Amino acid sequence: MSYSVDLRERTVQYVEAGGSRTQASRLFGVSRKTLFHWLHRATLLTTPRSVRQGKIDKSKLLSHVQSYPDALLRERAVAFGVTPSGMWRALHRLGIRKKND
């Protein structure tokens, strides 16, 4: 969670007006490290983060599961170039669970 731009501006203004950085961090409830980052930034606006692209394409994984329903976890992992634990997480996110019948 990021701090509001208003809080950032008030904290930086406090320091620029002569207040100490330690007092500002205590008064506004932010860490000194965060305050130092704000003081050295060109703008105090939040920076949008991009969505991380995963290695495994969900549609390809679903079609692979439909085409090869009996494939082992390690076989799927090799097919997609990931570790078996990574493949398990991807299947788990999609709600696919293999039954032990």
Residue in segment 48-55 that is farther than 30 Å from Arg97 by Cα and not aromatic (Phe, Trp, Tyr) present: yes
Cβ-Cβ under 8 Å pairs, at least 6 apart or on other chains, segment 36-50 side surrounded by 10 or more Cβ atoms within 10 Å (Cβ to Cβ), far side modelled with pLDDT under 90: Trp38/Leu44; Thr46/Ser2
Residues located in segment 56-80, provided they are part of a loop (DSSP other than H, G, I, E, B) and loosely packed, with under 10 Cβ neighbours inside 10 Å: Pro69, Asp70
Scan of segment 1-34 for residues that are touching a Leu at 6+ places or on another chain (Cβ under 7 Å) and aliphatic (A, V, I, L, M), ordered by number: Val5, Val12, Val15, Ala24
Neighbours by Cβ (under 7 Å, 6+ apart or cross-chain): first from segment 1-20, exposed (fewer than 10 other Cβ atoms within 10 Å of the Cβ); second assigned to a loop (DSSP other than H, G, I, E, B): Ser2/Thr46
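The values are calculated or read from the model by the stated rules, or taken from the named source; none is laboratory data. The model shown is predicted, which means the values in this text are computed figures rather than measured ones. Cβ: placed from backbone, ideal geometry, glycine included. Neighbour counts: every protein chain shown.
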